[in-house]
1. What is the one condition in (1) closer than 19 Å to residue 148 by Cβ; (2) modelled with pLDDT under 90 that residue 27 does not satisfy?
2. Can you pull out the residues in region 136-154 that are within 19 Å of residue 26 (Cα to Cα) and crowded, with 17+ Cβ neighbours inside 10 Å?
3. Could you say whether any residue in region 93-104 is out of contact with any helix residue (DSSP H, G or I) (no Cβ under 9 Å at 6 or more places or on another chain), under 21 Å from residue 33 (Cβ atoms) and in a loop (DSSP other than H, G, I, E, B)?
4. Can you find, within region 136-151, the residue that is nearest to residue 116 (Cα to Cα) among those that are within 15 Å of the chain's Cα centre (by Cα) and touching a residue at least 24 places away in the same chain (Cβ under 8 Å)?
5. How many residues does region 84-126 contain that are in contact with a strand residue (DSSP E or B) (Cβ under 9 Å, 6 or more places away or on another chain) and exposed (fewer than 15 other Cβ atoms within 10 Å of the Cβ)?
6. List the number of the failed condition for residue 35; all other conditions in (1) touching a helix residue (DSSP H, G or I) at 6+ places or on another chain (Cβ under 9 Å); (2) assigned to a loop (DSSP other than H, G, I, E, B); (3) in contact (Cβ under 8 Å) with a residue 12 or more places away in the chain hold.
7. Could you go through region 63-75 and let me know if any residue there is modelled with pLDDT of 90 or more and exposed (fewer than 12 other Cβ atoms within 10 Å of the Cβ).
8. Residue 48 - would you say it is surrounded by 14 or more Cβ atoms within 10 Å (Cβ to Cβ) and not in a helix (DSSP H, G or I)?
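The values are calculated or read from the model by the stated rules, or taken from the named source; none is laboratory data. Not measured: the values here are computed from a predicted model. All Cβ positions, even for glycine, are placed from backbone atoms using ideal geometry, and neighbour counts span all protein chains on display.
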């Protein structure tokens, strides 16, 4: 296959999430709550060669634009991702992924005794401690989650 050959076709309208770390596309899909059951065409490319990263993942979602909260959630697993909104086969908007200071309702606390895991009507809530390495602190019990914990408890 030549370098110029297109591995993933263009989309007419929707969202392209590019420059996801190799092997993390399915985590991005999970964060967005996409199940594939909504009859929307979606393309997922995993471990595509990349000059910048060595390998990258790409997710293309037809007919859906992401809101700013969804864009920021992606930063939990793909801090260097680029997000393009496409209309009529053209990129009409580029969004920057930025890790929010507070993460609510996405990750579960690893502490089984935390009130957010007790069955009470409490939404999990974490504060950003550091971006590199990624560390989040639970609002309720104070436990710190690292990147491995975050990926396990999405």
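1. Residue 27 satisfies every listed condition except (2).
2. Hits for region 136-154 are 149, 150.
3. Within region 93-104, the first condition is being out of contact with any helix residue (DSSP H, G or I) (no Cβ under 9 Å at 6 or more places or on another chain), and the residues that meet it are 93-94, 101-102, 104.
Add one more test, that the residue is under 21 Å from residue 33 (Cβ atoms), and what stays is 102, 104.
This time we only want the ones that are in a loop (DSSP other than H, G, I, E, B), so: none.
No, every residue in region 93-104 fails to be out of contact with any helix residue (DSSP H, G or I) (no Cβ under 9 Å at 6 or more places or on another chain), under 21 Å from residue 33 (Cβ atoms) and in a loop (DSSP other than H, G, I, E, B).
4. Going through the qualifying residues, I end up with 150.
5. The qualifying residues number 11.
6. The one condition residue 35 does not meet is (3).
7. No, region 63-75 contains no residue that is modelled with pLDDT of 90 or more and exposed (fewer than 12 other Cβ atoms within 10 Å of the Cβ).
8. yes
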